[in-house]
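J.: My questions all concern the structure below.
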Amino acid sequence: MDLDGLDKSRLPEHVAIIMDGNGRWAQSRGKHRIEGHRRGKTSVRVIVEMARKIGIRYLSLYAFSTENWFRPHDEVDALMTLLEHYLIAEQPKMMRYGIRLVSIGDRSRLPTSVRAILEKVIELTQDNRRMTVILALSYSGRDDIVRMVKGVVADVAAGSCDPNSIDEQLVADRLDTRGIPDPDLLIRTSGEMRVSNFFLWQIAYSEMYVTPTLWPDFREKEFLQALLEYQRRRRRFGRTDEQIEEPGSAKLEAGGRQS
Ligand code: FPP
């Protein structure tokens, strides 16, 4: 694909995506919602492939929220089956292209067969370094924070954590996303202006991009538009325009990375 206009030296290091609109895509065509998820799986493949080709280091995909467990059983089953098939099919490609897979969320709630293949692919790809794909499964930002708080409180009670040592870094290091830089760009498809309990802590300074395109239609052209828009943004991280123009502050400019 023609990547004209994209500045490869100012790519977001971490892109996070709220993949939304599968159901609407299907229903507007008189199809079952599951058809939308099936086509959404193809978008996942296409976007991972494009992110890899252009050199995005981290790609997070909100694939299944803790709230999604309340959907009709047949839809939950279909999503789990799609996920299983995706992992089985993509595992060789992840090895070939140096893609590391990690998951965030409460893995214990996943069906045994999904957990087994997920853990197998995570282990197999753990030393791959070219790109990291983060699948959010049975994940919600609040649940992540609650689990983090429980861990900290337990360690304080056991005497292994000094409350005075609690700072932003300690919190970040105890969330599921430990070791992963915060998203530079958060994309949401299907036009909804919500975060829907995805990353809460992690998106403090993320640039948001919302497109009306439904996830099953979100392909290379739409992804490129999001990246181009990101590069037009000016990131200030709470500072003034003048401050980011000071010499040595280039890391704070649009498309630049947070140190
Ligand atoms: C939102 O659409 C999407 C989901 C709840 C699941 C995302 C799943 C996939 C893209 C397919 C499989 C995933 C992988 C990683 C292979 P929605 O159903 O909420 O759409 P609606 O808002 O139009 O109803």
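J.: With the crude spin-label approximation of a point 7 Å out along Cα→Cβ, what separation in nm comes out for L228 versus S108?
T.: 4.8 nm
J.: Using θ = phi - 60° and the Karplus relation 6.51 cos²θ - 1.76 cosθ + 1.60, list the HN-Hα couplings for the range 199-215 in order, rounded to whole Hz, with x at every Gly or Pro.
T.: Listing the rounded values in order: 3, 10, 4, 6, 9, 3, 10, 6, 7, 9, 9, 10, 10, x, 4, 7, 3 Hz.
J.: Mind giving me the FRET efficiency for H85 and E220? R0 is 22 Å, r the Cβ-Cβ distance, nearest 0.05 is fine.
T.: Values: r = 22 Å, r/R0 = 1.02.
Calculated value: 0.45.
J.: Hey, any idea what % of the chain's accessible area is carbon plus sulfur with a 1.4 Å probe?
T.: Summing carbon and sulfur atoms, their accessible area is 48 percent of the total for the chain.
J.: Next up: State which entries of K53/K120; K8/K31; K41/K221; K93/K221; K41/K120 exceed 28 angstrom in Cα-Cα distance in the structure shown.
T.: Exceeds cut-off: K8/K31.
J.: Rolling a 1.4 angstrom probe over the protein heavy atoms, how many square angstrom per residue are accessible across the range 1-151?
T.: Averaged over the residues of the range 1-151, the accessible area is 47 Å².
J.: Would you calculate a helix-derived [θ] at 222 nm for the chain, using -39,500 (n - 2.57) for each DSSP H run of n ≥ 4 and dividing by the full residue count, to the nearest 500?
T.: My calculation for the chain gives -13500 deg cm²/dmol from helical runs alone.
J.: I want to verify a result. In a Gaussian network model of the chain, Cα cutoff 10 Å, which of these has the top mean-square fluctuation: A51, A16, A157?
T.: Highest fluctuation among the options: A157.
J.: Using modelled amide H (1.01 Å from N, peptide plane; none on Pro or chain starts), what sits under 5 Å from the amide H of T132, excluding residues fewer than 5 places away?
T.: Y58, L59, R100
J.: Related question: If you scale each eigenvalue of the Cα gyration tensor by 5 and take the root, what three semi-axes come out for the chain, rounded to whole angstrom and sorted largest first? List each step's numbers first, then the result.
T.: Details: eigenvalues 160, 134, 64 Å².
Listed largest to smallest, the semi-axes of the chain are 28, 26, 18 Å.
J.: Could I ask something else about it? Using a 7 Å offset from Cα along Cα-Cβ at V171, what residues in the range 127-165 end up with backbone N under 16 Å from the label point?
T.: Residues passing the 16 Å test: 141-153, 163-165.
J.: Can you list residues from other chains, or at least 5 along the same chain, whose modelled amide H is less than 5 Å from the amide H of M208?
T.: So M208 has HN proximity to L186.
J.: Can you tell me the length gained on complete extension of the stretch E245 to R29, counting 0.36 nm per residue apart and subtracting the Cα distance?
T.: Working it through step by step, the gained length comes to 72.8 nm.
J.: Now for a different question. Is the range 53-186 rounded, prolate or oblate when judged by the Cα gyration tensor, a ≥ b ≥ c being the square roots of its eigenvalues, rounded requiring a/c under 1.5 and prolate requiring a/b larger than b/c?
T.: It is oblate, given that a/c is not under 1.5 and a/b is not larger than b/c.
J.: So for the pair R115, V146, with labels modelled 7 Å out along Cα→Cβ, what separation do we get in nm?
T.: If labels sit at R115 and V146, their model points lie 1.9 nm apart.
J.: Once amide H atoms are placed 1.01 Å from N in the peptide plane, what residues at a sequence separation of 5 or more from S138, or on another chain, have their amide H within under 5 Å of its amide H?
T.: F64, S65
J.: Apply the membrane-span-like helix rule to the chain: whole DSSP H runs, Cα extent along the own long axis of at least 20 Å, mean Kyte-Doolittle hydropathy at least -0.5. List the helices found.
T.: The answer, listed by residue number, is 73-96, 141-158.
J.: State the dimensionless ratio Rg/Rh of the range 1-94 (Rg: radius of gyration of Cα atoms; Rh: Kirkwood radius).
T.: Details: Rg = 15.3 Å, Rh = 15.0 Å.
Across the range 1-94, the Cα-based Rg/Rh ratio is 1.02.
J.: Protein chains only, probe 1.4 Å: how do E90, E245, E67, E192 rank by accessible area, largest first?
T.: Greatest to least solvent exposure: E245, E67, E192, E90.
J.: Could you report the accessible area of H85 in Å², rounded to 10, computed with a 1.4 Å probe on the protein chains as they sit in the structure?
T.: Per-residue accessible area (H85): approximately 100 Å².
The values are calculated or read from the model by the stated rules, or taken from the named source; none is laboratory data. What you see is a predicted model, and the numbers here were worked out from it, not measured in a lab. Virtual Cβ from ideal backbone geometry, glycine too; neighbours counted across all protein chains shown. Each accessible area value is taken on the protein alone, full model and side chains, heavy atoms only, with ligands, DNA and RNA left out. Shrake-Rupley method; radii C 1.70, N 1.55, O 1.52, S 1.80 Å.
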